[in-house]
Amino acid sequence: MNMRGDLARDLAEIVGERHVRVDDGALAAHARDATPLFEATPQAVVYPGSTAEVAEILRYATANRVPVVPRGGGSNLCAAAVPLRGGIVMVLTRLNRILEISREELLARVQPGVTTATLAAAAAEQGLLYAPDPGSHTVSTIGGNIATCAGGLRGLKYGVTRNYVLGLEAVLPTGEIIRTGGRLWKDVAGYDLTRLLTGSEGTLAVITEATVALLPKPKESGTGVAYFASLADASRAVTAVIAAGIVPATLEFLDHKCIAAVEEFAKLGLRLDAGALLLFGDDGEADAIARNLDRIGAICTEIGALEVTLAEDVARADALLAARRCSLPALSRLGPLTVLEDVTVPRHRLAEMVDRIDEIADRYELRIATFGHAGDGNLHPTCVLDPHDHAAIERCHKAFAEIFSAAIALDGTITGEHGVGAAKLPYLEERLGTDQVALLGRIKRAFDPAGILNPGKLGS
Amino acid sequence: MIDRSASDARPDAASGTGRPAPASAGIFDPGLLDRCISCGFCLPVCPTYRLTGQETSSPRGRITLMRALESGRLADGDPTLAEEASFCLGCRACETVCPAGVRYGELLEQWRDHQWRGRRRPLLARLLMAVVSRPALLGLQRLVRRYATGKAGRRAVPGGADRPASLMLGCVERGLYPEVSRAVLELRPELAVPGGQGCCGALHAHNGDSAAGRELARKLGERLDGTIVTTAGGCAAHLAHHLGRDRVAELSEYLERTGYRPAGEVRVNGRRARVALQDSCHLRNALGVTRPPRELIAAVADYVELPNAGDCCGAAGTYSLLRPADSRAVLRPKLEAIEAADVDYVVALNPGCLRQLRQGLRRARSRAKAIHLAELLVMAARAANRSTPR
Ligand SMILES: Cc1cc2nc3c(=O)[nH]c(=O)nc-3n(C[C@H](O)[C@H](O)[C@H](O)COP(=O)(O)OP(=O)(O)OC[C@H]3O[C@@H](n4cnc5c(N)ncnc54)[C@H](O)[C@@H]3O)c2cc1C
Ligand code: SF4
Ligand code: SF4
């Protein structure tokens, strides 16, 4: 009969009926992720319960040439989990066990569906730190984090997901199960497939287990806030802080539109008359933190900060960080369609990039609010739109194309942490050049000869 | 074996660029539906998502379903729509963590208005709605005869409250727990208890008849003078929505506002009782009231915070009757936490929760007892009175 009926029956044989959905409602619910404007309907949704089931599904898909799109929390922002060519959405959230946390070895072994916050909490219970902390940590999964090489609010000092992945178990689209890396801090046997799979956006293999590095949990932490007249001023402060040889854990900024939106949700008493807010924080030994925060504060004042304050306690610091994490959804209070980008430039060019974004927004008559991981040179200019205003949406696409070009011209990139997915694929060649894009295609085919795994994205 | 050419993949009209604004069916307020940006922040707090782990039973998934209904992408009789509109507890935990400010509770009312219109409403819900529309069936008259003062607000309220206040006799309470209202009057004898009170309409609003829900709230607002004091968090939220926040006070709020000082102490086996709280979902998630009940308990007993005090207990209005198995599944982690906390009492702020907890604790042969806040405070006050002569 129809394809859906066949799929339902065949998949049910592998995972059991309860874990397959082909009803229109479930298909509609998996047609998109957190990226606006991208939608495509799959024919089936499947929730495998083991690596062996994942392998069997992939073998089946390759044999029958059915696309498979892996999915974790569905929180990515580049349409990486949208089933562009239909097929099967494979949700990995049933694989949600923390298999091991080792204090002696400073590592954790987890299944891909564990959420970032769950792993971080389990590590913290043992006095350990899982460092990558994307703003979406309560919903994003470790599998999704690895597949997108997620960054976070501590990236400056601690790096991004890539720096913590020691080893992976993954299933190739043809069904073979491979184990890359492992528990070793050093291992150069073969090409570094662990790194290749990290950031591969579900186009090369399905991650079914990860071994990740943990750190001893820092004893203390401290957070401060500086207000500036403009985002460009805040950017200059970031450059100055790093130039002074200070590498704090957190340097995040928000422009005045973001401050207003966040304040409306979080009610923290943020200053609404300032042009920008710089959130800075550090962890480690109390005296070192105090020294660093003082120096950062002094530098901000020198650059012309309107006001510098330190959070009086942990609760206040946590509240500030939580507020920063919800910048994007909070912005949607200004207009329900928020198109957000992820350009990244060398840190000393942040102020230039910020000016360029402002200029482009003005020229296209768009409302663009900007926040980001300033310490990483990573900006999230977010265009706030009315979903029914097609002309504005069109202008928004043009403006972002210019913003990408501007970033590349400043030695930057089109995406720092959200990934390419379907959303930025058209701009990839501008960043990588023809030869590299062709190489990506050859790598993709080596992993996935039938082209079934997340087609229409990286390598396709 | 699958025929490759027969693929019914539907890469939708505009994957890649701005999708056209879909034609809309007018079921939902479009401004509300547009708000959600599908970030997923609400997933981890949703009790039904925790049960199934499936997107369709998450707040984000349900909003996607509502959108599909609105745009005609899903047919009106779609079984998943029907199932999810009913599986949702309506607890509104999702609203508290939504940075985008999605008003899920209102969306759910609009969804059920459509989904459960007329005869599509579950039979049991229809019956209940009929019953609460006839106060006589609920034994209201008996209660009112004993307490009714006829006219509200004759006596001044101590503690500086500057306007009259009336006690609302909730439907469930009248039928099942009249002792709760009595306890309130023992704490606050100055409260007026006008007769002829109807239902507040929350039941209707949550079961697909928000027009009746609004109308009943309005009528009750006319019947009761001044501040409406209620012992049911769910009724408080519904009335506040329709009559204005300042017309309504849930009991703990009212006690705090009028400067009530809890007297005495609740003791068990010669020691201070260990008492936990079950937040009322709508009191917590819609009205944001969490501190006053905790402080009141802590004044008369050893307060124990359950790790999941704020999670829905599964009572959820008519839910425990309409979907008993799911309701019990939602309750299970709560019962486990109560056992682990080794408490003597669990305080409820809503008669539905009280019933749910009583039944659950009895089935689990727990030593903990569920009581309403008013009853706990009266227990303490009576103990204080007994000991004063000494
Ligand atoms: C409000 C908000 C804040 C955010 N903040 C940040 C931030 O600070 N930093 C940041 O980097 N990102 C951020 N993101 C983006 C997003 O959360 C990350 O990209 C995250 O890593 C996605 O994880 P997920 O589990 O939701 O993956 P999904 O969105 O489900 O999938 C993402 C990609 O990974 C693939 N994938 C998922 N699981 C697997 C697996 N097991 N094997 C192979 N492939 C897989 C999918 O196919 C897809 O290509 C934010 C998003 C939101 C909505
Ligand atoms: S948290 Fe709010 S905006 Fe985000 S998915 Fe849930 S309802 Fe939508
Ligand atoms: S109201 Fe409760 S059950 Fe319904 S979607 Fe929100 S959190 Fe889930």
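The values are calculated or read from the model by the stated rules, or taken from the named source; none is laboratory data. Computed from a prediction, not measured in an experiment: that's the story for all the values here. Cβ atoms come from the backbone with ideal geometry, glycine included; neighbour counts cover every protein chain shown. Note: accessible area is taken over every heavy atom of the protein model, side chains too, but ligands, DNA and RNA are not part of it. Shrake-Rupley method; radii C 1.70, N 1.55, O 1.52, S 1.80 Å.
Could you pull out the residue among A:His30, A:His19 that is surrounded by fewer than 20 Cβ atoms within 10 Å (Cβ to Cβ), touching a strand residue (DSSP E or B) at 6+ places or on another chain (Cβ under 7 Å) and either within 13 Å of chain B (Cβ to nearest Cβ) or more than 21 Å from A:Leu95 (Cβ to Cβ) (or both)? Don't jump to the end; show me each part of the working.
Working: A:His30 fails: surrounded by fewer than 20 Cβ atoms within 10 Å (Cβ to Cβ).
Criteria check complete, one pass: A:His19.
May I ask you to say which residue of A:Asp386, A:Asp411, A:Asp435, A:Asp376 is free of Cβ contacts under 8 Å to residues at least 24 places away in the same chain and not assigned by TED's automatic domain parsing to the domain that holds A:Ala244? Working first, answer last.
Values: A:Asp386 fails: free of Cβ contacts under 8 Å to residues at least 24 places away in the same chain; A:Asp411 fails: free of Cβ contacts under 8 Å to residues at least 24 places away in the same chain; A:Asp376 fails: free of Cβ contacts under 8 Å to residues at least 24 places away in the same chain.
That would be A:Asp435, the only listed residue that is free of Cβ contacts under 8 Å to residues at least 24 places away in the same chain and not assigned by TED's automatic domain parsing to the domain that holds A:Ala244.
Can you find even one residue in region B:13-30 that is part of a helix (DSSP H, G or I), within 8 Å of another protein chain (Cβ to nearest Cβ) and either within 12 Å of ligand 3 (Cβ to nearest atom) or modelled with pLDDT of 80 or more (or both)?
First pass over region B:13-30, keeping only residues part of a helix (DSSP H, G or I): B:30.
When the remaining residues are screened for being within 8 Å of another protein chain (Cβ to nearest Cβ), the result is none.
No, because not a single residue in region B:13-30 is part of a helix (DSSP H, G or I), within 8 Å of another protein chain (Cβ to nearest Cβ) and either within 12 Å of ligand 3 (Cβ to nearest atom) or modelled with pLDDT of 80 or more (or both).
Exactly one of these conditions fails for A:Val82: (1) open to solvent by less than 10 Å² (accessible area, probe 1.4 Å); (2) more than 10 Å from chain B (Cβ to nearest Cβ); (3) among the β-branched types (Val, Ile, Thr). Give me its number.
Result: A:Val82 fails condition (2) only.
This table checks each residue for (1) within 14 Å of chain B (Cβ to nearest Cβ); (2) open to solvent by 30 Å² or more (accessible area, probe 1.4 Å).
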residue	(1), (2)
A:Thr93	yes, no
A:Arg97	yes, yes
A:Glu104	no, yes
A:Arg109	no, yes
A:Val114	yes, no
A:Leu119	yes, no
A:Leu128	no, no
A:Pro134	yes, no
A:His137	yes, yes
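Does B:Arg218 satisfy the condition of being assigned to a helix (DSSP H, G or I) and either more than 15 Å from the chain's Cα centre (by Cα) or not acidic (Asp, Glu) (or both)?
Numbers: assigned to a helix (DSSP H, G or I): yes; either more than 15 Å from the chain's Cα centre (by Cα) or not acidic (Asp, Glu) (or both): yes.
The answer is yes for B:Arg218.
Would you mention how many residues in region B:68-122 are among the basic types (Lys, Arg), open to solvent by 50 Å² or more (accessible area, probe 1.4 Å) and more than 9 Å from ligand 3 (Cβ to nearest atom)? I'd like the intermediate steps shown before the answer.
Going residue by residue through region B:68-122, those that are among the basic types (Lys, Arg) are B:73, B:92, B:103, B:112, B:117, B:119-121.
Still in the running and open to solvent by 50 Å² or more (accessible area, probe 1.4 Å): B:73, B:92, B:103, B:117, B:119-120.
Now narrow it down to the ones that are more than 9 Å from ligand 3 (Cβ to nearest atom): B:73, B:103, B:117, B:119-120.
Looking only at that region, the number is 5.
Any idea which residue in region B:26-61 is nearest to ligand 2 (Cβ to nearest atom), counting only those that are among the charged types (D, E, K, R) and farther than 17 Å from A:Glu39 by Cβ? Spell out the reasoning first.
Of all residues in region B:26-61, those among the charged types (D, E, K, R) come to B:29, B:34-35, B:50, B:55, B:60.
When the remaining residues are screened for being farther than 17 Å from A:Glu39 by Cβ, the result is B:29, B:35, B:50.
Values: B:Asp29: 15, B:Arg35: 7, B:Arg50: 15 Å.
Per the criteria, the residue is B:Arg35.
Could you run through region A:405-427 and say how many residues are outside any loop (DSSP other than H, G, I, E, B) and under 19 Å from A:Arg162 (Cβ atoms)? Show your work before the answer.
Taking region A:405-427 as the starting set, the residues that turn out to be outside any loop (DSSP other than H, G, I, E, B) are A:405-409, A:413, A:415, A:425-427.
Adding the requirement that they be under 19 Å from A:Arg162 (Cβ atoms) leaves A:413, A:415.
Residues meeting the conditions: 2.
Residues A:Leu37, A:Leu11: which one is buried (at least 24 other Cβ atoms within 10 Å of the Cβ) and either within 11 Å of chain B (Cβ to nearest Cβ) or assigned to a helix (DSSP H, G or I) (or both)?
Details: A:Leu37 fails: buried (at least 24 other Cβ atoms within 10 Å of the Cβ).
Unique residue meeting the criteria: A:Leu11.
Has region A:21-29 got any residue that is without any contact (Cβ under 8 Å) to a residue 40 or more places away in the chain, in a strand (DSSP E or B) and more than 12 Å from ligand 1 (Cβ to nearest atom)? I'd like the intermediate steps shown before the answer.
Just the residues of region A:21-29 that are without any contact (Cβ under 8 Å) to a residue 40 or more places away in the chain, to begin with: A:21-29.
Filter again for in a strand (DSSP E or B), leaving A:21.
So of that shortlist, the ones also more than 12 Å from ligand 1 (Cβ to nearest atom) come out as A:21.
Checked region A:21-29: at least one residue is without any contact (Cβ under 8 Å) to a residue 40 or more places away in the chain, in a strand (DSSP E or B) and more than 12 Å from ligand 1 (Cβ to nearest atom).
Which of the residues spanning region A:367-390 are part of a helix (DSSP H, G or I) and within 10 Å of chain B (Cβ to nearest Cβ)? Break it down into steps so the answer makes sense when it comes.
The initial filter retains those residues of region A:367-390 that are part of a helix (DSSP H, G or I), namely A:374-376, A:390.
Answer for region A:367-390, where residues must be part of a helix (DSSP H, G or I) and within 10 Å of chain B (Cβ to nearest Cβ): just A:His390.
What are the residues in region A:264-275 that are surrounded by 17 or more Cβ atoms within 10 Å (Cβ to Cβ) and assigned to a helix (DSSP H, G or I), if any?
Across region A:264-275, the qualifying residues are A:Phe265, A:Ala266.
Is one or more of the residues making up region A:404-417 more than 13 Å from ligand 1 (Cβ to nearest atom) and on the phi > 0 side of the Ramachandran plot?
Pass one, region A:404-417, residues more than 13 Å from ligand 1 (Cβ to nearest atom): A:404-414.
Next, only the ones that are on the phi > 0 side of the Ramachandran plot stay: A:411.
Looking through region A:404-417, at least one residue is more than 13 Å from ligand 1 (Cβ to nearest atom) and on the phi > 0 side of the Ramachandran plot.
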